Every structure is written in structure tokens, then in C-alpha cells.
Amino acid sequence: MISHGKDLKIFSGSSNRALALDICKELSIPLGNAETGAFSDGENFVSIFETVRGSDVFVVQSTSSPVNDNLMELLIMIDALKRASAGRITAVIPYFGYARQDRKTKPRDPISAKLVANLITTAGADRVLTMDLHANQIQGFFDIPVDNLVGNPLLTDYYIQKYGDSLNDFVAVSPDLGSVGRTRQFAEKLNIPLAIIDKRRPRPNVSEITNIIGDVAGKKVVLVDDMIDTAGTITNAANALKERGAVEVDACCTHAVLSGPAIKRIEDSAITELLVLDTIELPEEKKIAKITSVSVEEIFANAIKCIHDGTSI
């Protein structure tokens with residue numbers, strides 16, 4: 001790896017350009033001059049219009065929908081920067097796609113998260129900066145340093161500012177057993193009780209509630225998850241909590257994937273407010289009244305500055 005120079009440069013792919021601009025504004029630097037697009041046959045292309053020789057370069061790109069296009073765009077941009085003699089390249093991936101394919105659940109399954117990690121490393125990235133990986137062990141899939149930021153403080157700060165002392169009426173609820181650790185940290189920060197939903201998943205993107213562990217009757221509840229995709233789990237959980245006596249159901253997550261029927265399910269559900277972070281840029285048609293977004297620009301800007309300065313994050 002070439003030792004990076006003193007100048008910091010940030011480039012953006014097309015998946016979350018608004019966040020990249022906000023990060024640049026926070027750091028008081030301009031966004032790097034580059035163009036991304038696709039040829040008529042669908043092949044992605046990237047053009048870099050300024051020198052990056054010896055620079056400390058950060059590429060902001062969430063691998064969200066369209067996942068494969070955004071992933072390929074990230075790989076091509078990293079390759080272009082490497083061939084242009086960038087001193088160091090950090091892939092800033094606020095939302096890391098393929099993270100749910102982190103293990104074999106049945107014979108002959110791929111481990112796609114490991115494959116994507118290999119592709120990013122092979123393309124020329126020297127390190128990765130991301131947030132709330134679906135499974136922490138994915139950090140070990142990379143042979144380069146990975147900084148995995150935590151979105152929980154942004155979510156808890158929002159509720160502290162909004163509800164203050166009335167948080168005593170709330171219960172934090174984990175929508176499944178896999179989110180218990182995350183929800184426990186959320187509950188401890190707000191000093192509120194914890195409840196757990198026991199569910200089974202008969203097939204992908206389908207979940208069924210079997211039991212609720214904890215007392216939610218007469219309480220306001222907050223469902224906590226790392227990502228919401230088709231919203232089946234979170235809306236089924238919200239409706240079940242309402243049926244069991246919860247007086248209000250809010251929900252929050254880091255990554256608002258919101259694919260397929262998610263928006264309609266949220267609109268038709270018992271959820272009063274869904275709080276999300278902007279690791280994935282929401283298109284206009286998904287910006288409904290029930291969804292509130294909090295920006296991650298400051299936490300990523302601070303992390304980028306720490307990496308550039310060689311200080312602890």
C-alpha cells in the first residue's frame with residue numbers, strides 16, 4: 001500500500017450522493033469530480049476528472065437496490081482510483097448489501113457476503129467503513145481493516161429528545177431472537193424494559209409470530225431492528241403487539257431497504273412512526289408520513305476524519 005499524502009478526497013457513486021454531499025459539507029471539502037453511468041448494454045462506467053495521485057481517497061457508496069449495479073459501480077470506481085495511483089482507498093459503505101448471506105443455512109448454499117468482501121479487496125480497497133453490519137462476523141470476511149459504526153446512539157438520541165421523561169411509559173421490543181443484543185443496548189440507553197418476540201420463518205421474507213416474552217399491555221413500545229426489507233416481520237410484530245394491549249407502536253431501524261410491498265404494509269400497519277437512518281437514500285415515492293429519517297452524515301464525517309488523521313474512532 002502506498003502511504004497516503006496529506007490531502008483528503010471524497011468521491012461518490014450514484015446510490016447515496018446526497019449523503020456524500022452532506023459528509024463533504026460537514027468536513028468543509030468539495031465532493032470529488034467524477035461521473036458514473038451505464039452504457040446502452042447495461043455495463044457500468046466511471047470517469048474520474050481530477051488527480052488523486054497519493055491522495056487519501058474515500059468512496060461513498062451503499063450497495064442498496066439496484067444492488068448489483070451499485071456494487072459493480074463501487075468496484076469499478078475503486079479500480080479506477082487504484083490505477084490512478086491513489087495513496088489509500090477507503091470504501092465507505094453505509095449499507096453493506098449481501099450481508100444476510102453470511103453463512104450456509106442448507107447444503108450447497110453460497111456465502112455471498114464473503115464473496116463480496118473478496119471482490120472489494122481485490123478491486124483495490126485498503127479499508128472499509130460501514131455501519132451496523134447484519135452480522136458482526138462479516139468483519140472477519142475482509143483481509144483489510146473494517147470499521148463498523150453503530151447507529152443505535154442516533155436512534156436513542158432521537159427518542160430522548162422527543163419523549164424525555166415520558167420514556168418511562170415505553171418498552172423496547174426485539175422483533176426476533178437475532179436482534180435481542182441490539183435491542184438490549186437500546187433499552188439500556190433509554191433505561192426502559194425489554195420484551196422479545198418469538199417468531200418462525202417458514203420461508204425467505206415470510207415470518208409468523210408465535211409468542212411475546214415480556215409485558216407490553218398498556219405500554220408504548222418501540223420495535224428495534226437493524227434493517228427493514230419487505231416489512232413483513234416488523235408489521236406483523238406491530239400488529240401482534242397492538243392486539244396484546246400495547247397503546248402505541250413505534251419502530252426504528254438503521255437500514256430502510258423497504259423493498260416490494262414494504263411501504264403499503266407500513267401504511268396499513270399499527271406502526272405510528274418508523275424512524276430510519278439515511279444509510280440508504282429513500283426515493284420520493286417511499287417518503288411517507290409515517291417515516292422519519294435521521295442523517296448519519298456527522299458520524300461518518302467524524303469517522304472519515306479520524307481515519308485520515310490516524311486517530312481512534
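Looking only at residues in the stretch 281-301 that are assigned to a loop (DSSP other than H, G, I, E, B) and touching a helix residue (DSSP H, G or I) at 6+ places or on another chain (Cβ under 9 Å), which one is surrounded by the fewest Cβ atoms within 10 Å (Cβ to Cβ)? For the stretch 281-301, the residue satisfying everything is Ala289. Please specify each residue of the stretch 1-52 satisfying the condition of being at pLDDT below 95 and closer than 15 Å to Ile89 by Cα. Met1, Ile2, Ser3, His4, Gly5, Lys6, Asp7 - these are the residues of the stretch 1-52 that are at pLDDT below 95 and closer than 15 Å to Ile89 by Cα. Residue count for the stretch 139-151, restricted to those that are in contact with a strand residue (DSSP E or B) (Cβ under 8 Å, 6 or more places away or on another chain) and open to solvent by less than 60 Å² (accessible area, probe 1.4 Å): 7.
Scanning the stretch 23-51 for residues that are of a type in the set (Val, Ile, Thr) and open to solvent by 80 Å² or more (accessible area, probe 1.4 Å) turns up just one, Thr51. Can you name the residue in the stretch 5-17 that is under 20 Å from the mean Cα position of the chain (by Cα) and part of a loop (DSSP other than H, G, I, E, B) and, of all such residues, is surrounded by the fewest Cβ atoms within 10 Å (Cβ to Cβ)? If we take residues in the stretch 5-17 being under 20 Å from the mean Cα position of the chain (by Cα) and part of a loop (DSSP other than H, G, I, E, B), then Ser14 is surrounded by the fewest Cβ atoms within 10 Å (Cβ to Cβ). Which one is farthest from Val59 (Cα to Cα), of the residues in the stretch 87-124 that are open to solvent by less than 20 Å² (accessible area, probe 1.4 Å) and among the β-branched types (Val, Ile, Thr)? So, considering only residues that are open to solvent by less than 20 Å² (accessible area, probe 1.4 Å) and among the β-branched types (Val, Ile, Thr), the one farthest from Val59 (Cα to Cα) is Val116. When you look at Asp56, is it open to solvent by 80 Å² or more (accessible area, probe 1.4 Å), out of contact with any Asp or Glu (no Cβ under 6 Å at 6 or more places or on another chain) and not polar (S, T, N, Q), yes or no? Against the criterion (open to solvent by 80 Å² or more (accessible area, probe 1.4 Å), out of contact with any Asp or Glu (no Cβ under 6 Å at 6 or more places or on another chain) and not polar (S, T, N, Q)), Asp56 does not qualify.
Selection within the stretch 84-112: residues that are over 23 Å from the mean Cα position of the chain (by Cα) and in a strand (DSSP E or B). The member of this set that is nearest to Ile299 (Cα to Cα) is Arg88.
This table checks each residue for (1) basic (Lys, Arg); (2) under 30 Å from Ser15 (Cα atoms); (3) at pLDDT below 95.
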| residue | (1), (2), (3) |
| --- | --- |
| Val206 | no, yes, yes |
| Ile228 | no, yes, no |
| Asn236 | no, yes, yes |
| Ala240 | no, no, yes |
| Val257 | no, yes, no |
| Thr272 | no, yes, no |
| Asp278 | no, yes, no |
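Of all residue pairs spaced 6 or more apart or on separate chains, those with beta-carbon atoms under 7 Å, a first member in the stretch 38-52 that is under 15 Å from Leu71 (Cβ atoms) and a second member that is among the charged types (D, E, K, R) and surrounded by 12 or more Cβ atoms within 10 Å (Cβ to Cβ) are Asn44/Asp69; Asn44/Glu73; Val46/Glu73. Look through the stretch 29-49, keep the residues that are among the hydrophobic types (A, V, I, L, M, F, W, C) and in a loop (DSSP other than H, G, I, E, B), and return whichever of them is nearest to Ile10 (Cα to Cα). So, considering only residues that are among the hydrophobic types (A, V, I, L, M, F, W, C) and in a loop (DSSP other than H, G, I, E, B), the one nearest to Ile10 (Cα to Cα) is Ile29.
Ala20 meets all of the listed conditions (1) within 19 Å of Asp79 (Cα to Cα); (2) surrounded by 15 or more Cβ atoms within 10 Å (Cβ to Cβ) but one, namely (1). Starting from residues that are in contact with an Asp or Glu (Cβ under 9 Å, 6 or more places away or on another chain) and in a helix (DSSP H, G or I), keep the ones in the stretch 125-138 and report whichever is least open to solvent (accessible area, probe 1.4 Å). This residue is Ile138.
Look at the stretch 141-157: where a residue is closer than 24 Å to Ala117 by Cβ and aliphatic (A, V, I, L, M) and a partner is part of a strand (DSSP E or B) and open to solvent by 30 Å² or more (accessible area, probe 1.4 Å), sitting 6+ places away or on another chain with Cβ atoms under 8 Å, you get Ile144/Arg127; Val146/Arg127. With the structure loaded, tell me whether Asn191 is touching a residue at least 12 places away in the same chain (Cβ under 8 Å) and either over 18 Å from the mean Cα position of the chain (by Cα) or crowded, with 16+ Cβ neighbours inside 10 Å (or both) or whether it fails that test. Considered against the rule, which asks whether it is touching a residue at least 12 places away in the same chain (Cβ under 8 Å) and either over 18 Å from the mean Cα position of the chain (by Cα) or crowded, with 16+ Cβ neighbours inside 10 Å (or both), Asn191 comes out as yes.
Checked against (1) among the charged types (D, E, K, R); (2) more than 25 Å from the chain's Cα centre (by Cα); (3) open to solvent by less than 60 Å² (accessible area, probe 1.4 Å); (4) under 21 Å from Glu188 (Cβ atoms), Asp215 passes all but a single condition, namely (3).
The values are calculated or read from the model by the stated rules, or taken from the named source; none is laboratory data. Small disclaimer: the values here were computed from a predicted structure and weren't measured. Cβ sites come from the backbone with ideal geometry, for glycine too, and all protein chains shown count toward neighbours. To get the accessible areas, we keep the full protein, side chains included, count just its heavy atoms, and leave off ligands, DNA and RNA. Shrake-Rupley method; radii C 1.70, N 1.55, O 1.52, S 1.80 Å.
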